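Heads up, the thing below is written out as structure tokens.
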Amino acid sequence: MKIDPSRASALISQIKSVSERIAAIGKGRNVRLVAVSKLKPVNDILALVQPQEPGIEPQLHFGENYAQELTQKAEMLPRNIQWHFIGGLQSGHCKNLAKIPNLFCVSSVDTLKKAQLLDRYRGEFISTFASSSSPSSPVPEKLNIHVQVNTSGEASKSGCAPGAETVALCRAVEAAPHLHLLGLMTIGAIARSVATTPETENDDFVALREQRDLVTAELGLEGQGGRHLELSMGMSEDFEGAIVMGSDEVRVGSTIFGTRPSRADAKIKE
């Protein structure tokens, strides 16, 4: 797979800058950077997974918004990549997504039906993989789940309503044998995102933090060795403010990869 050296150098510089900003604002706290690679070619991803510049750590966590695109990229790229599905989840996506062995997390689960489908198909995949592979092959693990919460209350946004609905879905994910409740996620109002700075609070981030605390209490997770549910919040416009407010994961795309093409013009491979 051909990688343009000048493009690779630019990508490495941009992700290094983002990583340094995360480290500075996080003050030693471990915050996962998910590089959002939707509509970008596999060549760009590989340039960050296998950096050719000395002293540069590989980037392994990548986020995709479209199930078919994620499936194609996962087949073409190294297995050590940790994929995140961060787009709007449809029931019809669940089977194919659950069969991606190195899918790290589905970050947009917002209904019981989708959680049940992911659990069912992940279980079938684990069983089939275990029976058909050599004993030395690592068996795929439970699928990490972020429950999406509609913190802004916008009709255009996906996600559970805060409160009882969010608690109920988290409880179902926690009980599913082939899923692991990793935490909660939100995509807040655009106006709030644009206005967010490290010095100003974002109401969506406040709301998600409150929902995390509610779920932790309602599911009785405090006593399980201090189990911590993640907060996944913050994107290119507002990730520094999100980290100040306790985000464990930020999703950054255009700041690393630049302007995206239209979906019609996007190429999987250059």
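What follows is calculated from the coordinates using simple rules that are stated; it is not laboratory data. Note that the structure is a prediction, hence the values are computed from the model and not measured. Heads up, the Cβs are rebuilt from the backbone with ideal geometry, glycines too, and the neighbour counts pull from every protein chain shown.
Here are the numbers for this structure:
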| read-out | value |
| --- | --- |
| Net charge of neighbours whose Cβ lies under 9 Å from the Cβ of residue 248, counting Lys and Arg as +1 and Asp and Glu as -1 | 0 |
| Listed residue (58, 205, 34) projecting farthest to the positive dipole end of the chain, Cβ model | 58 |
| Relative exposure of 64, 141, 199, 174, judged by other C-beta atoms within 10 Å (fewest first) | 199, 141, 174, 64 |
| Cα-only Debye scattering, segment 1-134: base-10 log of I(q)/I(0) at q = 0.11, 0.16, 0.18, 0.19 Å⁻¹ | -0.47, -0.88, -1.03, -1.10 |
| Which of 34, 206, 147 has the fewest Cβ neighbours within 10 Å, and the rest in rising order | 206, 34, 147 |
| Residues 185, 76, 245, sorted so that the one with the fewest Cβ neighbours within 10 Å comes first | 76, 245, 185 |
| Residue with peak Gaussian network fluctuation, the chain [Cα springs, cutoff 10 Å], from 13, 247, 158 | 13 |
| GNM flexibility winner over the chain from 239, 129, 104 (Cα, springs under 10 Å) | 129 |
| Alpha-carbon spread of the chain, three principal axes, descending order, Å | 53, 51, 39 |
